[in-house]
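The values are calculated or read from the model by the stated rules, or taken from the named source; none is laboratory data. Owing to the predicted nature of the structure, the values given are computational and were not obtained by experimental measurement. All Cβ positions, even for glycine, are placed from backbone atoms using ideal geometry, and neighbour counts span all protein chains on display. Heavy atoms of the whole protein, side chains included, go into the accessibility calculation; ligands, DNA and RNA do not. Shrake-Rupley method; radii C 1.70, N 1.55, O 1.52, S 1.80 Å.
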Amino acid sequence: MKYHTSSFGDFRCAHCHHIVSAAHLLSGVNNRNHCPYCLWSYHLDLFAAGDRLSACKGQMKPIGLTMKKSRNKYRLESGGELMLVHECVECGTLSINRIAADDDSESIMEVFNESLLFSYKIRLRCEGHGVFMLEAEETESVYVQLYGPGVEVPAFA
Amino acid sequence: MNINDEDDTGVVFRKSLGHYTVHADGREIDCVLSSLIHKQLIYPTADPTSLRPVVQAVHEIEHVDPVAIGDRVRFVGAGQSRGMITEVLPRLSKLSRPATVPGQRVFEQVIASNADLVLPVFSATSPTPKWGLLDRYLVSAEAVELPALIVITKLDLAEKNPQLDADLEPYRRIGYPIQMVSSITGEGIDEFKQSLHGRMSVLVGKSGVGKTSLLNAIQPGLGLRVKEVSRGELGKGRHTTTYLEMFDLDFGGSIVDTPGMREFGLWNIPADELAYLFPEMANHVGQCKFGMSCRHDREPGCAIRRAVMDGGISPHRYKSYMNLREEL
């Protein structure tokens, strides 16, 4: 989550205050959506990704994970791309964002584990927006996506 | 006319490469500039009552061109329809932008002076309208308190841009008048002529939007130089008009044709006052939690951001505001 950009596009996260590099080489994405350390973001887009038309500008909290199977469909069935789900703390808008190459895997797992504690009501609300949060039985898939195939999934997970 | 005659006054109608065409009493005078116009003479202030003040210093006046189209000027005739401009009379209004001269300090470039109406011209399609540029024109007009009439040309091609009406809706809601015209079919031309009657108007817009074609449509033969939009480089248009010129209109009034402007910066607008130049935002200024200190960016309790989220202000206009604010 950035609040100040330097001349090279690097910024300091307004949530965890880490300095974040904007280099494509590190992130693997052209435009960083969130801080790779705390995974928080800003609510900047309104109609489409990158349009920067939102006036809300509230902080967006990472609340869970989903799987992007195809365009506009987020569900784990036969694999897909692991995505972060953000929720605006100001207006409640949900958005789904790609995970960057240097996003902290531990933080992503923390977000996932916290999301497993969500009530049925919250999950229903997300599903109303077309976002299907990953559940406990998909833990192995999350590990595989984050650490690669053949990773040993901890027993407590 | 003798060079020793008393100074005459006229209006600058055309300028090109250091030559200015001045209209005065039905005559057309080809003028050059007096070097005095480029300079400011500094007199001693210790004794202002002195009968014979002596020039202490001469400062060069920093501007791209001290004379603009529409200026009322004083000139001395040199015979054979030639003359020399000696003074620019006070301007009633001026439309300016920063001159883009690489590697130099930024100077003011007055596009036209003493105008009554600004006409931002955009084509319905080809080149694709950039509404951020329209916002720049409108802000520049608001800054000098000039009314604006948005002109959409190539109405005959409007069906190729189904988004056009939705894009124009925020401007209609604000209250900006919009004139849709087609220079090919003549649609909207009569209404457009009525809007120009008795006023001095300035056409501004990108290359290829059809400014000169529009002139030909309202008065055949007015702007003779028309080209087709270039095919390469995404139909950006190529420059047809390469110098500024003002034309008298048969039905009353005058109009300034400008070369296409792909860039249009804001001149002399303080960042704190920018929101006032967006009419739909002006009422919200001062209502924010941080009052007049609010930059309407990420401050909590911002009334303008709230109005955008409530639908009172177009998000596109708000984005334009933020983009312009970053420049100032």
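Brief remarks follow.
- Of the residues making up region A:6-55, those that are surrounded by fewer than 13 Cβ atoms within 10 Å (Cβ to Cβ) and polar (S, T, N, Q) number 4.
- Here B:Ile178, B:Ile174, B:Ile111 are screened, and the one residue that is open to solvent by 20 Å² or more (accessible area, probe 1.4 Å) and closer than 20 Å to B:Leu215 by Cβ is B:Ile178.
- Every residue from region B:65-84 that is crowded, with 24+ Cβ neighbours inside 10 Å and in a strand (DSSP E or B): B:Ile69, B:Val73, B:Phe75, B:Gly83
- Residue selected from region B:276-299 under the condition open to solvent by 50 Å² or more (accessible area, probe 1.4 Å) and in a loop (DSSP other than H, G, I, E, B), by the criterion nearest to the other protein chains (Cβ to nearest Cβ): B:Arg298
- Count of residues meeting criterion [open to solvent by 50 Å² or more (accessible area, probe 1.4 Å), at pLDDT 90 or above and out of contact with any Ser or Thr (no Cβ under 6 Å at 6 or more places or on another chain)] in region B:131-161: 3
- Counting the residues of region A:32-66 that are farther than 21 Å from A:Gln145 by Cα and more than 14 Å from chain B (Cβ to nearest Cβ) gives 2.
Yes or no, residue by residue, for (1) modelled with pLDDT under 90; (2) within 16 Å of the chain's Cα centre (by Cα); (3) over 14 Å from B:Pro120 (Cα atoms):
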position: B:Gly175; (1), (2), (3): no, no, yes
position: B:Arg199; (1), (2), (3): no, yes, yes
position: B:Gly208; (1), (2), (3): yes, no, no
position: B:Gly223; (1), (2), (3): yes, no, yes
position: B:Gly237; (1), (2), (3): yes, no, yes
position: B:Ile255; (1), (2), (3): no, yes, no
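- Pick from region B:305-328, criterion open to solvent by less than 40 Å² (accessible area, probe 1.4 Å) and within 19 Å of A:Val89 (Cα to Cα), ranking: farthest from the other protein chains (Cβ to nearest Cβ): B:Ala307
- Flag for B:Cys302 being within 9 Å of another protein chain (Cβ to nearest Cβ), over 17 Å from B:Ile174 (Cβ atoms) and open to solvent by less than 80 Å² (accessible area, probe 1.4 Å): yes
- For the criterion of being assigned to a helix (DSSP H, G or I) and at pLDDT 90 or above, B:Val121 fails.
- Qualifying residue in region B:179-186 (condition: hydrophobic (A, V, I, L, M, F, W, C) and either assigned to a helix (DSSP H, G or I) or not assigned by TED's automatic domain parsing to the domain that holds B:Arg136 (or both)): no
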